[in-house]
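The values are calculated or read from the model by the stated rules, or taken from the named source; none is laboratory data. No experiment lies behind these values; they were computed from the predicted model shown. Don't worry about glycine lacking a Cβ; one is built from the backbone with ideal geometry, like all the others, and counts go over all protein chains shown.
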Amino acid sequence: MTANETTDLLLAAKRKKGLSFADLETLLGRDEVWIAALFYGQASASEDEAKTLAKALDLNDALTQALTEYPLKGLGPVVPTDPLIYRFYEIMQVYGMPLKAIIHEKFGDGIMSAIDFTLDVDKVEDPKGDRVKVTMSGKFLPYKKW
């Protein structure tokens, strides 16, 4: 089963049950963004998490097992074509170097971890049009000198 097939089957099962990622957050005790990453093959579940999802979504054994496999992370080497995903790519093209400079000023020479990391997405109502609020929080990892 390919990663895309796994994703398609998981999303279909979620739709069939009428569940949101927020519903699954309550069920698993994991953040909705992490659960979505799991569905898209960017994270791996423990056996217990996979079994809990399997029960809630009526998943077969092969799909349940696929949830526990170590993922191949990332979008690949191409520029994303989905408009929403492309906007994040564009944000990094425009603001990536400024963010890097500010992080270095505040923390020193290092990086923000994408491993020790959380990501939250919130809807902020605004009379001029609702806003998407994305909060990224990653542990700062200084580069070592040797």
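Looking at Leu11, Leu24, just one residue is part of a helix (DSSP H, G or I) and touching a Phe, Trp or Tyr at 6+ places or on another chain (Cβ under 7 Å), and that residue is Leu11. Only one of (1) surrounded by 13 or more Cβ atoms within 10 Å (Cβ to Cβ); (2) under 22 Å from Leu19 (Cβ atoms) is not met by Tyr89, so which one is it? All conditions are met except number (2). A single member of Leu75, Leu99 is over 22 Å from Thr6 (Cβ atoms) and surrounded by 11 or more Cβ atoms within 10 Å (Cβ to Cβ), and it is Leu99.
Within the stretch 70-129, the set of residues being part of a helix (DSSP H, G or I) and at pLDDT below 90 comprises Val94, Tyr95, Met97, Pro98, Ala101. Pro142 meets each of the listed conditions (1) touching a helix residue (DSSP H, G or I) at 6+ places or on another chain (Cβ under 9 Å); (2) closer than 27 Å to Glu32 by Cα apart from (2). When we screen Thr52, Thr26 for residues that are of a type outside the set (Gly, Ala, Ser) and surrounded by 13 or more Cβ atoms within 10 Å (Cβ to Cβ), the only hit is Thr52. For the stretch 40-61, the criterion of being of a type in the set (Phe, Trp, Tyr) and under 24 Å from Val132 (Cα atoms) is met by at least one residue. Anything in the stretch 90-146 that is over 28 Å from Pro80 (Cα atoms) and among the small types (Gly, Ala, Ser)? List them, or say none. Once the filter is applied, which keeps residues that are over 28 Å from Pro80 (Cα atoms) and among the small types (Gly, Ala, Ser), the stretch 90-146 yields only Gly108. Contact map, the stretch 31-52: residues that are on the phi > 0 side of the Ramachandran plot and at pLDDT below 95 paired with residues that are among the hydrophobic types (A, V, I, L, M, F, W, C) and surrounded by fewer than 19 Cβ atoms within 10 Å (Cβ to Cβ), Cβ distance under 7 Å, separation 6+ or inter-chain. Pairs shown: Gly41/Ala3.
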